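Chemist: Sharing a structure, written as structure tokens. Questions coming.
The values are calculated or read from the model by the stated rules, or taken from the named source; none is laboratory data. Every value quoted in this text rests on a predicted model; they were computed, and no experiment measured them. Cβ placement follows ideal geometry from the backbone for every residue including glycine, while neighbour counts extend to all protein chains displayed. Quick note on the areas: whole protein, heavy atoms, side chains included, nothing else; ligands and nucleic acids left out. Shrake-Rupley method; radii C 1.70, N 1.55, O 1.52, S 1.80 Å.
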Amino acid sequence: GIRVPRCAALPPGVRRSGGEGSRASKRERRAGANRASAGRSSAAMPAALATEVGAAAMNRAGRRHHILVPWPEVPGILVLASFISILASAEVIAIWELFRTRNRGRTRGARLLFSRVGSVVGALSPKSGSVPAAAARSRLGLALRGVLALLAARLAQRFARTFSASLALMNPYEERLDEELKERFATLDGPPWGEGLPRGPQPGQWRQWLHPRRCGEEMLEELHATLGLLSRRREDMTIEQLTEGVRRVLTVKYVQVSRSTKRFWSQAQARSIARALAVDCGLAAAATPEGQGTPGGDGLDECVPWSFHEYLPWRTPRWLQVSQRMGIALCRPFLLHVLGWTSRWVETPFGRMHIYDTGPVTGDAPPVLVQHGMFVTSWSVAPLGWLLSRSGRRVVMPDLFDFDNGLSASSLGQGRKVRRPSELVETLLCVVQELVKDGATGVDLLGHSFGAFLVTLLAERCRRSGLPARRVVLLGPGGPVVRIQHSSMLTRFIQQPVATTMAKAPWWLPRSIVEAALQVGLGVLFSPNNCNIFFGQLYDEYIGNLGMATALPTLLLWGDEDSVATARKERYLGPFLRSTFPNIDGVWVQGGGHNIQLDSLVTVARAVDTWLRKTDAGVCVGSPMSAVGGGADGDDRGEGLVEALLWPTVGELYAMDIGADSPRPRVAEPMLAPAARL
């Protein structure tokens, strides 16, 4: 029979539950249904049904609408859930628009679904002399609900299988430090001074012993922050304080020397370097007589003790490990079954390297390799890869080896891991070689943070190997372009986290709460794996690597509020960029933090896509939404909907001042030009 809603008017002769009306014959109920639908023609029913179904779909889409919040520096399960829901909503809108306007491979499933539903509608549509309209609508609703339930069940089953497989494939959490790193930390507890270098510094020399690509003023700022000085200006530092700062820099830079011999720098040699720096900067400490102390005290009690290694590593709480692992594992089925990406492995000399591949495209745009940074895996660049792939570009996103929760595990044996940048570059070279074998005539390289440093080295490695690397994009890069120590308070927090936090915390806040919060935050930042990756890098391999240079056209995008990889001041950064990247376009992302590929997603994606498509130098500055509305053909509405959904990630760009003689970004056509559509 026909179920009548409580709020609907009853046909004559039909009563609600109870009494004789509930036992009416089948013929009477059918007659009542015919009389109830007498005022509606059979030709008007499909339109009404389409309106009803469309309204229900809009309601469902409205319930799935989320807004992308700015990405915090420490990822968590709630932020991962928001990221998944946002991409799901955006992809639903994009698939609907592409199905309506274009004939792409990703809409085959949608077309097949609609064709099957259309056949069901055609089979159940009322015809002259057939089943009445109300009964046909009821059967159609049941059929549609059954089809949707079946599809949802199959999709949930596929998600569950992929989710379980992802958990099994992910690297386990590392629980201890590498033995080599333990030996380096043990060196910090050794004697502060050695017997002296056989060939020590000459009077007036300091640059080659400290940071050779930094000027005296910049080096002085680094030493001031390294010592954690708060109440003394860097111009007023004593010769003893400068000597202690020089010792700390030498210990980090030449840790292998102090580990292997007793004939390393003496106090007199470090004082000679400090005096040369003071003379270069015009400090009063340069006038301190040799062999005498500073009048009024040496000021060493103002320096924060060098004790950060005593706290490492911080143990990540178990509940936080589980939540992170579950959230990251949820990303993979979404990327595979919703976005249609491929999860596969590439053979390298160090083992099988996992990559996400958006698949080949029909356009002529060269593929782009997008490399993630430290402490994360390829999920952190997945939104950027998604937008770039929507512009008709093939995107591959490798997982670096031996990262927590990553899918690339090295096979070196004896507990050895792939940590060296030179080794990681060789693995990425295998990915480029595979793209070339697939027919790519050029490959664009993009990296974020540590990944930006790696793709710069990869560009030169490709040149030596004869591989067609085309252009390089750097997002908030690490390496010699950043300030090593830029905040005295941050140094104090790293060296003495609990004491520094308690000194700044309100008097009424219990110490137990402070320690619990620090355990969560530092447990993520300084986990065993993160310590092995970051502190395991030698100075000449990462921070002081002078091989970070390329003559290829380069785009540098950097958040002007980046507090993780803090850029050197422009008056220092400009000369370095001019000498190492002769064909660079430098742009600041206004309000962007370290993870600009997330908190400024639309801005970065538009700028990157525009710059990669251009045949000459230059990138657009200003607002990437300045030309919203699209072309005259109205084909931009789908892109506008996606960008509207990601509106918090839209910002502005402005040119980076890297010197009058250097290539400068210029104001070009709006970033919403048809060639740059995402």
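Chemist: For segment 150-191, give me each residue that is in a loop (DSSP other than H, G, I, E, B), open to solvent by less than 70 Å² (accessible area, probe 1.4 Å) and at pLDDT 90 or above. Outline the logic, then answer.
Modeler: First pass over segment 150-191, keeping only residues in a loop (DSSP other than H, G, I, E, B): 170-178, 189-191.
Among the residues that remain, those that are also open to solvent by less than 70 Å² (accessible area, probe 1.4 Å) are: 170-171, 173-174, 177-178, 190.
Residues satisfying the conditions are Met170, Asn171, Tyr173, Glu174, Leu177, Asp178.
Chemist: Checking Gly442 against (1) farther than 19 Å from His372 by Cβ; (2) in contact with a helix residue (DSSP H, G or I) (Cβ under 7 Å, 6 or more places away or on another chain), only one condition comes out false. Which one?
Modeler: The failed condition is (2).
Chemist: Just give me the residues in segment 236-272 being of a type in the set (D, E, K, R) and over 23 Å from Ala285 (Cα atoms), in sequence order. Before the answer, list the steps.
Modeler: As a first pass, look at segment 236-272 and keep what is of a type in the set (D, E, K, R): 236, 240, 244, 247-248, 253, 259, 262-263, 271.
Residues satisfying the conditions are Lys253, Arg259, Lys262, Arg263.
Chemist: Quick one: count up the residues across segment 276-291 that are at pLDDT 90 or above, among the hydrophobic types (A, V, I, L, M, F, W, C) and open to solvent by 30 Å² or more (accessible area, probe 1.4 Å).
Modeler: 2
Chemist: Here is a list: Ala287, Ala268, Ala278, Ala274. Which entry is without any contact (Cβ under 8 Å) to a residue 12 or more places away in the chain and not basic (Lys, Arg)? Before you say what the answer is, go through the steps one by one.
Modeler: Working: Ala268 fails: without any contact (Cβ under 8 Å) to a residue 12 or more places away in the chain; Ala278 fails: without any contact (Cβ under 8 Å) to a residue 12 or more places away in the chain; Ala274 fails: without any contact (Cβ under 8 Å) to a residue 12 or more places away in the chain.
Going through Ala287, Ala268, Ala278, Ala274 in turn, the sole match is Ala287.
Chemist: Next question. Please go through (1) open to solvent by less than 30 Å² (accessible area, probe 1.4 Å); (2) over 30 Å from Ala160 (Cβ atoms); (3) in contact (Cβ under 8 Å) with a residue 60 or more places away in the chain; (4) not polar (S, T, N, Q) for Leu320 and return the number of the only condition it doesn't satisfy.
Modeler: Against the list (1) open to solvent by less than 30 Å² (accessible area, probe 1.4 Å); (2) over 30 Å from Ala160 (Cβ atoms); (3) in contact (Cβ under 8 Å) with a residue 60 or more places away in the chain; (4) not polar (S, T, N, Q), Leu320 comes up short only on (2).
Chemist: In segment 576-613, what residues are part of a helix (DSSP H, G or I), in contact with a Gly (Cβ under 7 Å, 6 or more places away or on another chain) and open to solvent by 10 Å² or more (accessible area, probe 1.4 Å)? Lay out the reasoning, then the answer.
Modeler: First, pick out the residues of segment 576-613 that are part of a helix (DSSP H, G or I): 576-580, 596-599, 601-613.
Now drop any that are not in contact with a Gly (Cβ under 7 Å, 6 or more places away or on another chain), which leaves 577-578, 596, 599, 603.
Result: Arg578, Asp599.
Chemist: Just to be sure, is Gly299 in contact with a Pro (Cβ under 8 Å, 6 or more places away or on another chain) and either of a type in the set (A, V, I, L, M) or open to solvent by less than 20 Å² (accessible area, probe 1.4 Å) (or both)?
Modeler: Values: in contact with a Pro (Cβ under 8 Å, 6 or more places away or on another chain): no; either of a type in the set (A, V, I, L, M) or open to solvent by less than 20 Å² (accessible area, probe 1.4 Å) (or both): yes.
Considered against the rule, which asks whether it is in contact with a Pro (Cβ under 8 Å, 6 or more places away or on another chain) and either of a type in the set (A, V, I, L, M) or open to solvent by less than 20 Å² (accessible area, probe 1.4 Å) (or both), Gly299 comes out as no.
Chemist: Look through Glu244, Glu217, Glu235, Glu221 and report the one residue that is in contact (Cβ under 8 Å) with a residue 60 or more places away in the chain and farther than 13 Å from Ser487 by Cα. Working first, answer last.
Modeler: Numbers: Glu244 fails: in contact (Cβ under 8 Å) with a residue 60 or more places away in the chain; Glu235 fails: in contact (Cβ under 8 Å) with a residue 60 or more places away in the chain; Glu221 fails: farther than 13 Å from Ser487 by Cα.
It is Glu217.
Chemist: From Gly659, Gly618, which residue is assigned to a loop (DSSP other than H, G, I, E, B), closer than 24 Å to Pro367 by Cβ, more than 22 Å from the chain's Cα centre (by Cα) and at pLDDT 50 or above? Don't jump to the end; show me each part of the working.
Modeler: Values: Gly659 fails: closer than 24 Å to Pro367 by Cβ.
Gly618 is the lone residue from the list that is assigned to a loop (DSSP other than H, G, I, E, B), closer than 24 Å to Pro367 by Cβ, more than 22 Å from the chain's Cα centre (by Cα) and at pLDDT 50 or above.
Chemist: Scan segment 539-558 residue by residue and report those that are outside any loop (DSSP other than H, G, I, E, B) and open to solvent by less than 10 Å² (accessible area, probe 1.4 Å). Outline the logic, then answer.
Modeler: Initial filter on segment 539-558 (outside any loop (DSSP other than H, G, I, E, B)): 539-541, 554-558.
Once the filter is applied, which keeps residues that are outside any loop (DSSP other than H, G, I, E, B) and open to solvent by less than 10 Å² (accessible area, probe 1.4 Å), segment 539-558 yields Thr554, Leu555, Leu556, Leu557, Trp558.
Chemist: Among Gly392, Gly406, Gly442, Gly451, which is open to solvent by less than 10 Å² (accessible area, probe 1.4 Å) and either in contact with a Gly (Cβ under 7 Å, 6 or more places away or on another chain) or of a type in the set (D, E, K, R) (or both)? Working first, answer last.
Modeler: On the way: Gly392 fails: open to solvent by less than 10 Å² (accessible area, probe 1.4 Å); Gly406 fails: either in contact with a Gly (Cβ under 7 Å, 6 or more places away or on another chain) or of a type in the set (D, E, K, R) (or both); Gly442 fails: either in contact with a Gly (Cβ under 7 Å, 6 or more places away or on another chain) or of a type in the set (D, E, K, R) (or both).
Going through Gly392, Gly406, Gly442, Gly451 in turn, just one is open to solvent by less than 10 Å² (accessible area, probe 1.4 Å) and either in contact with a Gly (Cβ under 7 Å, 6 or more places away or on another chain) or of a type in the set (D, E, K, R) (or both): Gly451.
Chemist: Got a number for residues in segment 479-507 being free of Cβ contacts under 8 Å to residues at least 60 places away in the same chain and either in contact with a strand residue (DSSP E or B) (Cβ under 8 Å, 6 or more places away or on another chain) or not in a loop (DSSP other than H, G, I, E, B) (or both)?
Modeler: Applying the first criterion (free of Cβ contacts under 8 Å to residues at least 60 places away in the same chain) to segment 479-507 yields 493, 498-507.
Cutting the leftovers down to either in contact with a strand residue (DSSP E or B) (Cβ under 8 Å, 6 or more places away or on another chain) or not in a loop (DSSP other than H, G, I, E, B) (or both) gives us 493, 498-504.
Number of matching residues: 8.
Chemist: Does Arg248 satisfy the condition of being under 23 Å from Phe308 (Cβ atoms), open to solvent by 50 Å² or more (accessible area, probe 1.4 Å), among the charged types (D, E, K, R) and not in a loop (DSSP other than H, G, I, E, B)? It would help to see each step written out before you state the result.
Modeler: Numbers: under 23 Å from Phe308 (Cβ atoms): yes; open to solvent by 50 Å² or more (accessible area, probe 1.4 Å): no; among the charged types (D, E, K, R): yes; not in a loop (DSSP other than H, G, I, E, B): yes.
No.
Chemist: Against the conditions (1) in contact with a Ser or Thr (Cβ under 9 Å, 6 or more places away or on another chain); (2) modelled with pLDDT of 95 or more, where does Ala329 fall short? Just the number, please.
Modeler: (2)
Chemist: In addition: Looking only at segment 511-523, count how many residues are open to solvent by 20 Å² or more (accessible area, probe 1.4 Å) and within 23 Å of the chain's Cα centre (by Cα).
Modeler: 2
Chemist: Still on this model: Of all the residues that make up segment 454-465, how many are of a type in the set (A, V, I, L, M) and open to solvent by 10 Å² or more (accessible area, probe 1.4 Å)? Step through it out loud before you land on a result.
Modeler: The first filter runs over segment 454-465 and keeps only residues of a type in the set (A, V, I, L, M), leaving 454-455, 457-459.
Now restrict to residues that are open to solvent by 10 Å² or more (accessible area, probe 1.4 Å): 457.
Going through segment 454-465 one residue at a time, the tally reaches 1.
Chemist: Name the single residue that is modelled with the lowest pLDDT among those in segment 522-538 being among the small types (Gly, Ala, Ser) and in a loop (DSSP other than H, G, I, E, B). Spell out how you get there, then give the answer.
Modeler: Applying the first criterion (among the small types (Gly, Ala, Ser)) to segment 522-538 yields 523, 527, 536.
Then keep just the ones that are in a loop (DSSP other than H, G, I, E, B); that gives 527, 536.
Working: Ser527: 93, Gly536: 90.
Restricting to residues being among the small types (Gly, Ala, Ser) and in a loop (DSSP other than H, G, I, E, B), the top hit is Gly536.
Chemist: Report yes if some residue within segment 194-206 is among the hydrophobic types (A, V, I, L, M, F, W, C), surrounded by 11 or more Cβ atoms within 10 Å (Cβ to Cβ) and under 35 Å from the mean Cα position of the chain (by Cα); otherwise report no.
Modeler: No, segment 194-206 contains no residue that is among the hydrophobic types (A, V, I, L, M, F, W, C), surrounded by 11 or more Cβ atoms within 10 Å (Cβ to Cβ) and under 35 Å from the mean Cα position of the chain (by Cα).
Chemist: Among what's in segment 427-478 and is among the acidic types (Asp, Glu) and part of a helix (DSSP H, G or I), pick the residue that is farthest from Asp402 (Cα to Cα). So that I can check it myself, show each step before the final result.
Modeler: The initial filter retains those residues of segment 427-478 that are among the acidic types (Asp, Glu), namely 434, 438, 444, 460.
Now drop any that are not part of a helix (DSSP H, G or I), which leaves 434, 460.
Numbers: Glu434: 22, Glu460: 24 Å.
The selected residue is Glu460.
Residue-wise test of (1) of a type in the set (D, E, K, R); (2) within 25 Å of the chain's Cα centre (by Cα); (3) under 30 Å from Gly523 (Cβ atoms); (4) modelled with pLDDT of 90 or more.
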residue: Ser260; (1), (2), (3), (4): no, no, no, no
residue: Gln269; (1), (2), (3), (4): no, no, no, yes
residue: Ala274; (1), (2), (3), (4): no, no, no, yes
residue: Gly293; (1), (2), (3), (4): no, no, no, no
residue: Gly297; (1), (2), (3), (4): no, no, no, no
residue: Asp301; (1), (2), (3), (4): yes, no, no, yes
residue: Trp319; (1), (2), (3), (4): no, yes, yes, yes
residue: Glu347; (1), (2), (3), (4): yes, yes, no, yes
residue: Phe350; (1), (2), (3), (4): no, yes, yes, yes
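Chemist: Starting from residues that are farther than 18 Å from Tyr311 by Cα and over 24 Å from the mean Cα position of the chain (by Cα), keep the ones in segment 482-503 and report whichever is most open to solvent (accessible area, probe 1.4 Å).
Modeler: Step by step, filter segment 482-503, then rank; the result is Ala503.
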